[in-house]
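The values are calculated or read from the model by the stated rules, or taken from the named source; none is laboratory data. For clarity, every value in this text was computed on a predicted model and none was experimentally measured. Cβ: placed from backbone, ideal geometry, glycine included. Neighbour counts: every protein chain shown. Just so you know, the surface numbers come from the protein's heavy atoms only, side chains and all, with ligands and any DNA or RNA stripped out. Shrake-Rupley method; radii C 1.70, N 1.55, O 1.52, S 1.80 Å.
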Amino acid sequence: MKKLFLLITLLAGAVCVQAQDSLISNIGARKALSLNGKWQYIVDPYETGFYDYRYKELAENNGDAYWNTDIPRNKTEKKEHGYNDKYSLQVPGDWNHQKPEFLYYEGTVWYKKSFDFHAADTKSRYYLYFGAVNYRADVYLNGKKLGMHIGGFTPFNFSVPASLLKEKGNFLVVKVDNKRGADEVPTLNTDWWNYGGITRDVKLVEVPQSFIQDYVIQLKRAEPGKAPLATPDVSGWIKVRNAKTGDPISISIPELNFKKQLTATGELTELNFKLPKLQLWSPQTPKLYKVMVSAAGDEVSDKIGFRTIEAFGKQVLLNGKPIFMRGICIHGEIPQEVRRAVGQKDALQLLNQAKELGCNMVRLAHYPHDEAMTRAADSLGILVWSEIPVYWTINFGNPAVLAKAKAQLQEMITRDHNRASIIIWSVGNETPISQTRTDFMHSLITRAKEFDGTRMVSAALEVNYGALKNVNVVDDPLGEFVDLVAFNEYLGWYGGLPDQCRTTNWSTPYNKPLFISETGAEGKSGFHADSLTRFDEEFQEWYFKEQTDMLKRMPDNYVGIAPWVLNDFRSPKRNNPLYQEGWNRKGMYDDKGNKKKAFYIMQAYYKEMKQKYDH
Ligand code: GCB
């Protein structure tokens, strides 16, 4: 992927931005040919379609390469690869759930799609867009390589020369490789299933020569601790590919009778203007406005909510008012069908489960979820923590790993920086303390703030257990750099029993809001015994009773909690043959969507918190 960045620093309390050269945001608003549906595939664990017998990458025009046609020119020609309907997979979708033989597969699969294409406008530009491919994608069209992308949960697009597109029988091939690697993000070890494949939408997008690539239209941060003004300020920018200084730009919000006209200052133009009085976005009033952006003859429409968010002293302020986050962690998985979640229906299923628990917030663990998820959170009024998969023991000393993490951070932020629901960018989870780690994470935090100065940045930290008598302290040096001090704790599940909660207190030396980003215990749905029996529902219920009692003694900077986890989820690390069988059983709901006893404990706690905080 191209690594050409434009560094723009915008002024006066506004947004500092590094705009990515190539990613097009708000892709749903674009004219596109969907390439979803049935794709043919070849499983290639030895990567025979990519390397020759000396393990050197095949030349682009080599007929043995799997990106080249599989049709012999005549009967004497030998072809050892071929795409056939007998072997087909649905896109979007992970391969693991589609065929029994793919359940544990990690390696290369070649995907092929043929399509016809009629150019409506000969002056258009084209991009092939992928919502996500796990993990590495090498993309070829009609035998030509368009590019390579690394990172399993973020979107990317490659420019397609119009001259490459044919009216009939375009031959699109994607080599997908989900092998885990020590120097990858995530690394070898995770507590979730490594679903492979083209897991999100694929489309051929058509835009004019000069087009709106990306924009940020967000409320400017108010004065620290203050609500936005009655006529709030917008700050942001718009990036118009091939724009010339002086080209007209306009932003309009029909419902507010608002139209702002500006002129481009080149490809990148700063936006600073006042909006009329409006309804601010919040979980109680998730108001979204239709926003029309036009520039250089191109136009896109978006739905944007306007709000401010900040960590202020010991509190988190939404639109200037303190909030309490009633959260839940969610994996991007539909357990009923044992597959990756994709699209709006799945997003609504997961978010409505969270709503039933009484949540106003979700932590999307441990990687960026489908765009449908953050869009649905915008409409439902659910606050979002969005995270990159810098998980556990990444190879922090390797600059190439840092570059991969930064690329994913940038893609996550670029895709979603207009989503009102997202209030926290998280740069990782449970990373082990060392100077090298802290430098790595600090550099991600700095980068996140450069990309987006309007949201909080955090990471799920670990705890210094027993640092003081009966007090566990969150004193990870990263606490200095995050806006929200968030920590994961499993008191009574990993080590000891839940009654430890009765004598445990929590603190942090940082004068910042404190958030519990995980806590949980396993409980196998339908397994009933007494509360001392591990893996039964009663143990999990007891765990949450003790935890919620303990929460009454949290320090005054406690601003919320996101227990681990909404649903039971697949994990190859969970091998108890009676209770787990490849599932992490810490869900509030089981893998069929049934509520466990612990669900009702958290639900009651959230009811109480909702009344207490009156939101
Ligand atoms: C954690 C991790 C999460 C695991 C969970 C567990 O601390 O952040 O990814 O799945 O604990 O169940 O152990």
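At a glance:
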| read-out | value |
| --- | --- |
| Residues (touching a helix residue (DSSP H, G or I) at 6+ places or on another chain (Cβ under 8 Å) and either of a type in the set (D, E) or over 17 Å from W192 (Cα atoms) (or both)) located in the range 552-574 | Y558, I561, D568 |
| Leading residue by the ranking (nearest to P283 (Cα to Cα)) among those in the range 418-447 that are assigned to a loop (DSSP other than H, G, I, E, B) and away from the ligand (no atom under 16 Å from the Cβ) | S421 |
| Filtered residues of the range 340-359 (kept if part of a loop (DSSP other than H, G, I, E, B) and either open to solvent by 60 Å² or more (accessible area, probe 1.4 Å) or hydrophobic (A, V, I, L, M, F, W, C) (or both)) | A341, V342, C359 |
| Residue check for V207: open to solvent by less than 10 Å² (accessible area, probe 1.4 Å), within 30 Å of V291 (Cα to Cα), modelled with pLDDT of 95 or more and not small (G, A, S) | yes |
| Any hit, the range 592-608, residues being within 15 Å of the ligand (Cβ to nearest atom), of a type outside the set (A, V, I, L, M) and surrounded by fewer than 21 Cβ atoms within 10 Å (Cβ to Cβ) | no |
| Residues located in the range 309-327, provided they are surrounded by fewer than 24 Cβ atoms within 10 Å (Cβ to Cβ) and part of a loop (DSSP other than H, G, I, E, B) | G313, K314, N319, G320, I323, F324 |
| Residue identified as open to solvent by 60 Å² or more (accessible area, probe 1.4 Å), in contact (Cβ under 8 Å) with a residue 60 or more places away in the chain and out of contact with any strand residue (DSSP E or B) (no Cβ under 7 Å at 6 or more places or on another chain) among E337, E270 | E337 |
| Identity of the residue in the range 94-113, over 15 Å from K175 (Cα atoms) and of a type outside the set (A, V, I, L, M, F, W, C), that ends up surrounded by the most Cβ atoms within 10 Å (Cβ to Cβ) | N96 |
| Tally, over the range 254-277, of residues that are closer than 14 Å to V291 by Cα and not in a strand (DSSP E or B) | 6 |
| Members of the range 513-564 found to be β-branched (V, I, T) and under 16 Å from N472 (Cβ atoms), listed by number | I516, T519, I561 |
| Test: residue in the range 497-515 that is within 16 Å of the ligand (Cβ to nearest atom) and under 19 Å from A365 (Cβ atoms) | yes |
| Residue match in the range 283-292 (condition: in contact with a His (Cβ under 9 Å, 6 or more places away or on another chain), open to solvent by 20 Å² or more (accessible area, probe 1.4 Å) and either under 28 Å from A377 (Cα atoms) or of a type in the set (A, V, I, L, M) (or both)) | yes |
| Residue ID - surrounded by the most Cβ atoms within 10 Å (Cβ to Cβ), chosen from residues in the range 180-204 that are within 15 Å of the ligand (Cβ to nearest atom) and more than 29 Å from L141 (Cα to Cα) | W193 |
| Residue count for the range 467-495, restricted to those that are open to solvent by 20 Å² or more (accessible area, probe 1.4 Å), away from the ligand (no atom under 15 Å from the Cβ) and not aromatic (F, W, Y) | 9 |
